[in-house]
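Here is the structure we will look at.
Readers should treat all values here as calculations from the given coordinates under stated rules, not as data from a laboratory. Predicted, not measured: the structure shown is a model, and the values here were computed from it. Using ideal geometry, Cβ is built from the backbone for each residue, glycine included, and neighbour counts are taken over all protein chains shown.
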Amino acid sequence: MSTANILIVDDEQDMLEGLERVLSYELDNAAITVSQSPGEALEQIRQARYDLILMDVCMPEMDGTELMEAAQAIDPRATIIMMTAYGSIEMAVSAIKNGAYDFITKPFDIPDLVRLMKKGIERSALIRENESLREKVSGKEVIRDFVGKSVPMQKLYETIHSLANTDYAVLIRGESGTGKELTARALHALSSRSSRSLVTVNCPAIPEHLLESELFGHKKGSFTGAVSDHKGLFEQADGSTLLLDEIADISTPVQTKLLRALQEQEIRPVGSTKNQRVDVRILSTTNQDLEEMIRSKRFREDLFYRLNVVTISTPSLREIPEDIPVLVRHLARRVCVELEMEPIGIAADVLEDLMGRQWPGNVRQLQNFVRRLIVFSNGHEIGMADLRAVDNQDMAEDRFERQRHSAATGGGGGGEGPGSSGGTPEPYTEAKNRVVNAFTEEYVRKILFLTGGNISHGAKLAGMSRVALQKILRRLDIDPEAYRAH
């Protein structure tokens, strides 16, 4: 059961303390906040969502009716119960007419109050649940997966809503890291086919000689290794949506068979003599210039027009720099959840600096940069010092790569390299090991600090296997036990 957030407002301190003590015991899974001041209570309602608000009618700063109206203006879904003395029942009845859930007369019996509050909590939970269902139906929950309020992003949201309930084939175009797959998932989730799972094929990840079998299926014995019948992705997606991710990477022979399947709405499994009808909506993505591929005979023009009934373009970060601050904050919250750490703030000058940078890898590159910022940050806010520290690490890696390339190609380099003091440079292998080891040690020590020396958790955060992290720790002679106290 989820926790119910309860706010109690009364100008009598003894009443507040008594209710907080008793209700904390009587109500399971309840988080209780108290306030003596209506003004303070309104600020609390602005800062947090409360499932139930229990408030006194008569208070000197602001009476309960005024407070209720102000609270409902902030959160119209909150359930409000009024506490009233005998002489002000008329006021409480008036409050109910204006939207209060119920009232209870002082002095009251605790069991009666508890029963009333439990009913109020149930009502609030039902309202929230219904609202959640309506949002899913209307698509708001799906669009929440996107971040950004710029004009190009608003246009993207409108296009997704417009196309979702059609069966048109949609070609989603955009640079790497701009959310093409996320767009495809939103199109499916908002469509009439959403009761069935979206089926996705990552075209470059499947070897060419297996892609036909993966798409259309095969019969037992149709080729070496076909030990049983195999249902292809088209058949799995029957009645649903099939996403062809990075469609430009399929070979010409498979393009021909895919075109036939789209034209006839039929598939023929490898080794079969019969066609099979399928009802599949096709979404495809690409970050390549398909028109140039058509001119160079690497992509079939007729397939292009089958896939490109409608085009959606996902904007790059160059086109939406004003969305970068909200994106960075969103990504930072996600990273903090990944690291199981308290939320961390980001200074305004850091956000302004990040807005002015180029992000050729778009959101994916920005996400990795935010991860590094948080992993190597100190304190509760990322400042310019943290930004410079990560920049210095990146510059060291870039410098090392340039020197490696220069050494490999026999070119000369301007300036001093690692281990160079103006004379004979340090041998390449020694320079590389020194730079990489320094970075690796700092990185894994930060990971161990954040995870309290938990190697399994640390390996997950670092994106490596537990065994790989253990090897690094042994090589650098780092003892995770030293971090277990944190």
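Below are the figures for this structure:
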quantity: Estimated [θ] at 222 nm from DSSP helical runs (n ≥ 4, -39500 (n - 2.57)) normalised by residues in the chain, nearest 500; calculated: -15500 deg cm²/dmol
quantity: Extended-chain gain in nm, criterion 0.36 nm per residue less alpha-carbon gap, MET15 and LYS106; calculated: 31.7 nm
quantity: Derived scalar couplings ³J(HN,Hα) [region 170-187; Karplus, 6.51 cos²θ - 1.76 cosθ + 1.60; whole Hz; x for Gly, Pro]; calculated: 10, 9, 9, 10, x, 5, 4, x, 9, x, 5, 5, 4, 5, 4, 5, 5, 4
quantity: Pairwise FRET efficiency - PHE376 versus THR166, Cβ, R0 = 45 Å, nearest 0.05; calculated: 0.45
quantity: Burial order of peptide ranges 272-280, 150-158, 60-68 (average beta-carbon count within 10 Å, highest first); calculated: 60-68, 150-158, 272-280
quantity: Most positive-pole-ward Cα, VAL390, ILE282, THR3, against dipole of the chain from beta carbon charges; calculated: ILE282
quantity: Cα extents of region 145-313 along the three principal axes, largest first (Å); calculated: 55, 40, 25
quantity: More than 16 angstrom apart: percent of Cα pairs within region 33-103; calculated: 39
quantity: Largest-first principal axis extents, alpha carbons of region 4-137, Å; calculated: 46, 30, 25
quantity: Förster-model FRET efficiency, 56 Å R0, THR429 and GLU90, C-beta, rounded to 0.05; calculated: 0.05
quantity: Where labels lie 7 Å past Cα in the beta-carbon direction, separation of GLU322 and LYS97 in nm; calculated: 4.7
quantity: Approximate spin-label separation ASP145-ASP302, in nm, with each point projected 7 Å along Cα-to-Cβ; calculated: 3.4
quantity: Principal axis box of the chain, alpha-carbon based, largest edge first, Å; calculated: 90, 73, 45
quantity: Pairwise Lys count, region 145-313 - Cα closer than 15 Å, eight or more residues apart or different chains; calculated: 7
quantity: Potential lengthening between GLU338 and GLU40 on full extension [0.36 nm per residue; Cα-Cα distance subtracted]; calculated: 103.9 nm
quantity: Efficiency of FRET between ARG475 and ASN392 - r from beta-carbon atoms, R0 22 angstrom, step 0.05; calculated: 0.40
quantity: Spacing of the two label points (7 Å from each Cα toward its C-beta) at LEU351 and SER272, in nm; calculated: 5.4
quantity: Leading residue at positive end of dipole, the chain (Cβ point charges), from HIS457, LEU187, MET82; calculated: LEU187
quantity: Lys pairs under 24 Å by Cα in region 4-137, provided they are eight or more residues apart or on distinct chains; calculated: 5
quantity: Cα pair count fraction exceeding 22 Å, expressed as % - region 167-261; calculated: 34
